[in-house]
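Engineer: Following this message is one structure expressed as structure tokens.
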Amino acid sequence: IIQTATMAALFLVMSFVSLWRISLAHPTCGMDQLPRLGLQLSTSAFPERHRRDSSTNQDFGDKRFKVPSRSKPRVRTSECTRYDSNEFLGYGYSECYIPEVIETYQKLSSWPAVDLKAAVVALEGAGGEAYVTDAQMNTAMSAVSDEFEAIANISFQQQRALVSNNALFNKYDQINNGKGIGTDDIGTFLADISSEVAIPTNGKDRAFHSYIFITKMDISIISGICFPDIMMLEVRPADHEGQISSILGNLCIVDYRYFLSAGDAGADPSSRGKVTIHELGHSLGLLHPHSGVDFTSNTLANNFCLSGGAKTRNCRVSADDVDDSDKGDMLSDTAPMPNMYFVNNGTSGAAARSYDTDDCQAGSDFPEDCSGRDFERASAMSTNFMGYAVDVCQSTFTAQQVARMQCFVDRYVEDQRRASPAAQLPVVLVQPRYKKSSSSSITVEWFPPLSLLRGTDGRPTSLPSSRGLEFVITRTPAFSNGRSQVVSGSTYSYTDDSVTKPLDGYSYTVHAVLNGVDGVIGSSERASKYKSGAWLPTSSAVSLISAILIIAYTM
């Protein structure tokens, strides 16, 4: 438990500490403050969105990527992702943060299972003692993998190692008076450990999706942190302590007491091993349910209603901002939650009346938002892996969180970071539109399979190659010849003029075929009337990808 004096000091440095996943029992990292590392998502020269050319490593403006059709006009997704507390990662700068993409993945009847490669590295302590054994690493990571596989069809194949360079650990432990690695030294520590285990400096040479370093941390402040994979950022973070710009991720540090579970030798009694799940969730694009939420704290003399959890008023999240895909964690099936680190909790008395950790239920004294409204889904959301509730209460991902993780795998995880290569191209986002009810045709548009948007080093560059690629369009009711329509891989729209009213009676699927192998087939999408601001390209494939590139990462 963090003592009152420590918590008061923590408040004074909140601009940095809010970076981490913090609970009363153990704080960990969520990247809510990466702007302090200098990550920039726009400049006066490139006011739209910039991307990084993988061959020249130079930024350039790209006007093809626009606000998606279902973003609310009053608060654009780009506004909240660019200026809100999530901006460090560029949430809102990856196709996997577009509502239509998430809905497409959510509606899939099946998604090809994937086994991601993870390197798990344990450091020895100051006296040469091993904080965790190889057997403990295997057990803990197997439990983590089982959770992801059961919920999201994602598993982790682990390669384990013990690092005996205790001089490396000693340096940081002594700096922090024997408490373990502190927050001020995380950047330099990651640079040192990256060198120690020889993580390739070129992203395309990396063989693992994630690196998880198990060591001793200053758990009065933090018990876990994860730095973003540079491959998933449009703009590199600026140099921080001379190191960050050269670090490739996903690099995670987890304190050994929270990597293990209660009952394991050395584990914290409150731990259930959920810190690692939380951090790996961030490595797959998930945000905190409390992102941008303003509320009345009941553990510190800190008024979030005055300070604001978001940088712009339009992006602040209230208790009634449910089913909202343009604020908070930008998913419509997660509800706003207070940061549970600042919520009193316990098993009896006043603490339990706030949040009862016996039954994981919000009580009568649970915090309210700034307008005095209750967080009506507080109990349900407190069980989410991406919040800061105590480990014993964490057990779930929502359907859209699963969809986003699966999207991130398709979009960013190259074959060398998987246990086996992807057998199919991913699902295709489809949007059939007609301009008005009296129209005599329907325009069907689609997004390329997201895996084809990777550049040579994982960053987006240009539109994908059409070599060996075709798109197959299927209609309900069927086309008059009874066959699907097939177009070349350089085409991203199709005009169907063989329709009669009512036009909303037609629905379409589009799937990719690469060298004769069918890609994943999504659900059928019903044609709808085009509305101002909808996603409708004005010309060829160059303007087709009308979406915000959101390259993201949270810790």
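Engineer: Got a sec? Which of PRO421, PRO448 is in contact (Cβ under 8 Å) with a residue 40 or more places away in the chain and not β-branched (Val, Ile, Thr)? Can you show your working first?
Structural biologist: On the way: PRO421 fails: in contact (Cβ under 8 Å) with a residue 40 or more places away in the chain.
Going through PRO421, PRO448 in turn, the sole match is PRO448.
Engineer: Continuing with this model, one more query. Might you let me know whether region 252-267 holds any residue that is buried (at least 24 other Cβ atoms within 10 Å of the Cβ), of a type in the set (A, V, I, L, M), in contact with a Phe, Trp or Tyr (Cβ under 6 Å, 6 or more places away or on another chain) and within 27 Å of ARG206 (Cβ to Cβ)?
Structural biologist: Scanning region 252-267, I find at least one residue that is buried (at least 24 other Cβ atoms within 10 Å of the Cβ), of a type in the set (A, V, I, L, M), in contact with a Phe, Trp or Tyr (Cβ under 6 Å, 6 or more places away or on another chain) and within 27 Å of ARG206 (Cβ to Cβ), so the answer is yes.
Engineer: Within region 176-194, restricting attention to residues that are at pLDDT 85 or above and open to solvent by 60 Å² or more (accessible area, probe 1.4 Å), which residue is farthest from ASP134 (Cα to Cα)?
Structural biologist: ASN177
Engineer: Within region 111-131, is there a residue that is modelled with pLDDT of 90 or more, aliphatic (A, V, I, L, M) and in contact with a Leu (Cβ under 6 Å, 6 or more places away or on another chain)?
Structural biologist: Filtering region 111-131 for residues modelled with pLDDT of 90 or more gives 111-122.
If we keep only those that are aliphatic (A, V, I, L, M) too, we end up with 113-114, 116, 118-122.
Still in the running and in contact with a Leu (Cβ under 6 Å, 6 or more places away or on another chain): 122.
Looking through region 111-131, at least one residue is modelled with pLDDT of 90 or more, aliphatic (A, V, I, L, M) and in contact with a Leu (Cβ under 6 Å, 6 or more places away or on another chain).
Engineer: Right, ASP320: over 21 Å from CYS393 (Cα atoms), touching a Cys at 6+ places or on another chain (Cβ under 8 Å), of a type in the set (D, E, K, R) and not in a helix (DSSP H, G or I) or not? Before you say what the answer is, go through the steps one by one.
Structural biologist: On the way: over 21 Å from CYS393 (Cα atoms): yes; touching a Cys at 6+ places or on another chain (Cβ under 8 Å): no; of a type in the set (D, E, K, R): yes; not in a helix (DSSP H, G or I): yes.
Spelling it out, it is not the case that ASP320 is over 21 Å from CYS393 (Cα atoms), touching a Cys at 6+ places or on another chain (Cβ under 8 Å), of a type in the set (D, E, K, R) and not in a helix (DSSP H, G or I).
Engineer: Among the residues of region 441-462 satisfying the criterion of being assigned to a loop (DSSP other than H, G, I, E, B), over 15 Å from LEU425 (Cβ atoms) and open to solvent by less than 40 Å² (accessible area, probe 1.4 Å), which is modelled with the highest pLDDT? Write out each step before concluding.
Structural biologist: So in region 441-462, the residues assigned to a loop (DSSP other than H, G, I, E, B) come out as 441, 447-449, 455-459, 461-462.
Next, only the ones that are over 15 Å from LEU425 (Cβ atoms) stay: 441, 455-459, 461-462.
Remaining after also requiring open to solvent by less than 40 Å² (accessible area, probe 1.4 Å): 441, 455, 457-459, 461.
On the way: SER441: 95, GLY455: 61, ASP457: 47, GLY458: 45, ARG459: 47, THR461: 47.
My answer is SER441.
Engineer: Kindly establish whether SER145 is without any contact (Cβ under 8 Å) to a residue 40 or more places away in the chain, open to solvent by less than 20 Å² (accessible area, probe 1.4 Å) and small (Gly, Ala, Ser). Walk me through how you get there before you give the answer.
Structural biologist: Details: without any contact (Cβ under 8 Å) to a residue 40 or more places away in the chain: yes; open to solvent by less than 20 Å² (accessible area, probe 1.4 Å): yes; small (Gly, Ala, Ser): yes.
So SER145 fits the description; yes.
Engineer: How many of the residues in region 310-328 are out of contact with any strand residue (DSSP E or B) (no Cβ under 9 Å at 6 or more places or on another chain) and open to solvent by less than 50 Å² (accessible area, probe 1.4 Å)? Even if it seems obvious, please write down each step before you answer.
Structural biologist: Of the residues in region 310-328, the ones out of contact with any strand residue (DSSP E or B) (no Cβ under 9 Å at 6 or more places or on another chain) are 311-315, 322-323, 325-326.
Now restrict to residues that are open to solvent by less than 50 Å² (accessible area, probe 1.4 Å): 312, 315, 325-326.
Residues meeting the conditions: 4.
Engineer: Quick check on region 161-175: of everything there that is in contact with a strand residue (DSSP E or B) (Cβ under 7 Å, 6 or more places away or on another chain) and open to solvent by 40 Å² or more (accessible area, probe 1.4 Å), which residue is farthest from ALA419 (Cα to Cα)?
Structural biologist: That would be ASN166.
Engineer: Identify, please: which residue in region 330-355 is of a type outside the set (S, T, N, Q) and open to solvent by 30 Å² or more (accessible area, probe 1.4 Å) and is, among those, nearest to MET386 (Cα to Cα)? Lay out the reasoning, then the answer.
Structural biologist: To start, the set of residues in region 330-355 that are of a type outside the set (S, T, N, Q) comprises 330-331, 333, 335-338, 340-343, 346, 349-353, 355.
Those left that are additionally open to solvent by 30 Å² or more (accessible area, probe 1.4 Å): 333, 349-350, 353.
Working: ASP333: 13, GLY349: 27, ALA350: 25, ARG353: 23 Å.
Among them, the one singled out is ASP333.
Engineer: Could you check region 358-417 and list, in sequence order, the residues that are assigned to a strand (DSSP E or B), closer than 18 Å to ASP324 by Cα and open to solvent by 30 Å² or more (accessible area, probe 1.4 Å)?
Structural biologist: The one that is assigned to a strand (DSSP E or B), closer than 18 Å to ASP324 by Cα and open to solvent by 30 Å² or more (accessible area, probe 1.4 Å): ASP374.
Engineer: Somewhere in region 235-250, is a residue crowded, with 24+ Cβ neighbours inside 10 Å and at pLDDT 70 or above?
Structural biologist: Yes, region 235-250 contains a residue that is crowded, with 24+ Cβ neighbours inside 10 Å and at pLDDT 70 or above.
Engineer: Within region 472-497, how many residues turn out to be closer than 17 Å to SER524 by Cβ, among the hydroxyl-bearing types (Ser, Thr, Tyr) and surrounded by 14 or more Cβ atoms within 10 Å (Cβ to Cβ)?
Structural biologist: Keep residues of region 472-497 that are closer than 17 Å to SER524 by Cβ, which gives 472-479, 482-485, 494, 496.
So of that shortlist, the ones also among the hydroxyl-bearing types (Ser, Thr, Tyr) come out as 474, 476, 484, 494.
Okay, now just the ones that are also surrounded by 14 or more Cβ atoms within 10 Å (Cβ to Cβ), so 474, 484, 494.
Counting residues in region 472-497 that are closer than 17 Å to SER524 by Cβ, among the hydroxyl-bearing types (Ser, Thr, Tyr) and surrounded by 14 or more Cβ atoms within 10 Å (Cβ to Cβ) gives 3.
Engineer: Exactly one of (1) crowded, with 17+ Cβ neighbours inside 10 Å; (2) assigned to a strand (DSSP E or B); (3) in contact (Cβ under 8 Å) with a residue 60 or more places away in the chain; (4) among the polar types (S, T, N, Q) is unmet by GLN158. Its number?
Structural biologist: Every condition holds for GLN158 apart from (3).
Engineer: List pairs: first in region 103-119 and over 20 Å from PHE208 (Cβ atoms), second among the charged types (D, E, K, R) and surrounded by 22 or more Cβ atoms within 10 Å (Cβ to Cβ), Cβ under 8 Å, 6+ apart or cross-chain?
Structural biologist: Filtered contacts from region 103-119: TYR105/ARG404.
Engineer: Now for a separate question. So, in region 424-435, how many residues would count as being under 17 Å from PHE471 (Cα atoms) and in a loop (DSSP other than H, G, I, E, B)?
Structural biologist: Step one: list which residues in region 424-435 are under 17 Å from PHE471 (Cα atoms), which gives 424-432.
If we keep only those that are in a loop (DSSP other than H, G, I, E, B) too, we end up with 424-429.
Of the residues in that region, 6 qualify.
Engineer: Take region 111-142 and flag every residue that is more than 21 Å from the chain's Cα centre (by Cα) and open to solvent by 40 Å² or more (accessible area, probe 1.4 Å). Don't jump to the end; show me each part of the working.
Structural biologist: Taking region 111-142 first, the residues more than 21 Å from the chain's Cα centre (by Cα) are 121-140, 142.
Hits for region 111-142 are GLU124, ALA126, GLY127, GLU129, ALA130, THR133, ASP134, ALA135, ASN138, THR139, SER142.
The values are calculated or read from the model by the stated rules, or taken from the named source; none is laboratory data. These figures come from a predicted structure and were not determined experimentally. We place every Cβ from the backbone using ideal geometry, glycine too, and count neighbours over all the protein chains shown. Areas reflect the complete protein model, heavy atoms only, side chains present, ligands, DNA and RNA absent. Shrake-Rupley method; radii C 1.70, N 1.55, O 1.52, S 1.80 Å.
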